[in-house]
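Okay, so here's the structure we're looking at.
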Amino acid sequence: MEITLERLTQVFRDVFDDDELSVSGETTAADVEGWDSLTHVTLMINVEKAFQVKFSSKEVASLQNVAALLELIEAKRKK
Amino acid sequence: MNDLALLAQQHRDRYPVAARTVTAILDEARSLLGPGIQYLSEHRSGFWREAERLLGMSEALGGAPVEALVEYTMAYLKEQAAFVRSNEYSNKDFDDVRRDVYDNPDVMKRFYLEGLMLTHAFWPIHYDIHEFFLEEFVSRVPDAGTGTEFGFGHGLYMLEVMNARPGTKMRGFDISEHARDYADRLLKHGRIEPGRYSLQFADVRERFAASDGEFRFAMFAEIVEHIPDPHYSLRELRRSLQPGSPAFITTVVNSNAIDHIFLFKDPREVPPLLTQAGFEIVAEKVLKVSDYGSSRDPSIDVAYVCLAN
């Protein structure tokens, strides 16, 4: 899981254009400046590419925090 | 429990459908729709009433509001994310869009028409366009004569006008048979007498099936960005209107969607197009996504709305 968080953090840094950005499982959209609905979808598109997974609209829409995203990535990669 | 969940609970008795739907959205689509709803609930006093009203219509027509809103919003955001990268709209050909969207039941019936109709309660920018429509346009529509809407889609705007002005009739035009079916059901649900309106097939690229000066009012909402030659279509709209009659016209700037093909890069490009087509702009508004608390580039995602004669 930690390896995934590390890679995921890099995706966040690329999308938000912030090399210092740090995220944890508890991080939500409210914690990151500029994380609005458009950035959320952009982030998910980049996560799909980085981890070679595919999310449904419902999965993208319902994510509540980074921990939920990590769980979703892990579940998709096990399939 | 966060503020919005608490607000939904507080509105449960007066606006039960809205409260239930907002609660479901917080569970199923907080990331996409939560911030916009939070903004509306804090800054627009009519939000809960409008949400209840539009959701009531949606449910009466057998819809699935949360799914439709999520799918419509997601489809828009994916296109907009692509636009931010490329600075171009994904689609350029009207016939391609017609095949993939307007004639496609999996898009139109599953989420497009219902989702778009509901955005007028759930997207801040569409909420404000709808408010402008009611305050600036409907208030100027005479309570007599025939009006038109070209590209009526879900039919909400036709319903609003004919409800507010019971002495009017309307001829609506749209290219999509799915839109004609949905709008007909919406108008019937709204108890508009069938003799007051017709919903006809039309291709916006062709000459309008209307005589010169036939209409006393006209709506052309969110159509300009969908057509290859807006100048021709606007001239046709102007031709079909009696001089001095009110027209409600909207478009978007730097705002992609699954069916947008005509790109405005700056809101200042829009008024000359309207005046060249013969319209006089009476009132106008430029709505920016940045006005709603977003940190995004303010030039991206702009709506232009106007009342013209």
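The values are calculated or read from the model by the stated rules, or taken from the named source; none is laboratory data. In this text the structure is predicted, and so the values were computed from the model without any measurement. Please note: Cβ atoms are built from the backbone with ideal geometry, for glycine as well, and neighbour counts cover all protein chains shown.
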- Task: Determine whether region B:59-66 contains at least one residue that is free of Cβ contacts under 8 Å to residues at least 24 places away in the same chain, within 14 Å of chain A (Cβ to nearest Cβ) and either within 18 Å of B:Ile175 (Cα to Cα) or touching a Leu at 6+ places or on another chain (Cβ under 7 Å) (or both).
- Result: no
- Could you tell me which of the residues B:Val252, B:Val204, B:Val224 is modelled with pLDDT under 95 and not aromatic (Phe, Trp, Tyr)? B:Val204
- Item | Yes/no for B:Ser31 being more than 30 Å from B:Val97 (Cβ to Cβ) and not aromatic (Phe, Trp, Tyr) | no
- Does region B:45-54 include one or more residues that are in a helix (DSSP H, G or I), of a type in the set (Lys, Arg), within 24 Å of B:Arg185 (Cβ to Cβ) and without any contact (Cβ under 8 Å) to a residue 60 or more places away in the chain? yes
- Scan region B:23-52 for residues that are at pLDDT 95 or above, away from chain A (no Cβ under 14 Å) and within 20 Å of B:Thr73 (Cα to Cα) and jot them down. B:Phe47, B:Trp48, B:Glu50, B:Ala51, B:Glu52
- Would you check if there is a residue in region B:227-238 being touching a residue at least 60 places away in the same chain (Cβ under 8 Å), within 14 Å of chain A (Cβ to nearest Cβ) and surrounded by fewer than 19 Cβ atoms within 10 Å (Cβ to Cβ)? no
- Would you be able to say whether some residue in region B:91-99 is within 12 Å of chain A (Cβ to nearest Cβ) and either over 17 Å from the mean Cα position of the chain (by Cα) or within 13 Å of B:Leu33 (Cα to Cα) (or both)? no
- Note on the structure: Of (1) modelled with pLDDT under 95; (2) in a loop (DSSP other than H, G, I, E, B), B:Glu88 fails just (1)
- Item | Enumeration of residues in region B:284-300 that are surrounded by 14 or more Cβ atoms within 10 Å (Cβ to Cβ), within 10 Å of chain A (Cβ to nearest Cβ), in a loop (DSSP other than H, G, I, E, B) and of a type outside the set (Val, Ile, Thr) | B:Gly293, B:Ser294, B:Arg296
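Quick grid of which residues meet (1) of a type in the set (A, V, I, L, M); (2) within 13 Å of chain A (Cβ to nearest Cβ); (3) assigned to a strand (DSSP E or B); (4) surrounded by 16 or more Cβ atoms within 10 Å (Cβ to Cβ):
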{"site": "B:Thr251", "(1), (2), (3), (4)": "no, no, yes, yes"}
{"site": "B:Ser255", "(1), (2), (3), (4)": "no, yes, no, yes"}
{"site": "B:Phe264", "(1), (2), (3), (4)": "no, no, no, yes"}
{"site": "B:Glu269", "(1), (2), (3), (4)": "no, no, no, no"}
{"site": "B:Thr275", "(1), (2), (3), (4)": "no, no, no, no"}
{"site": "B:Val282", "(1), (2), (3), (4)": "yes, no, yes, no"}
{"site": "B:Val305", "(1), (2), (3), (4)": "yes, no, yes, yes"}
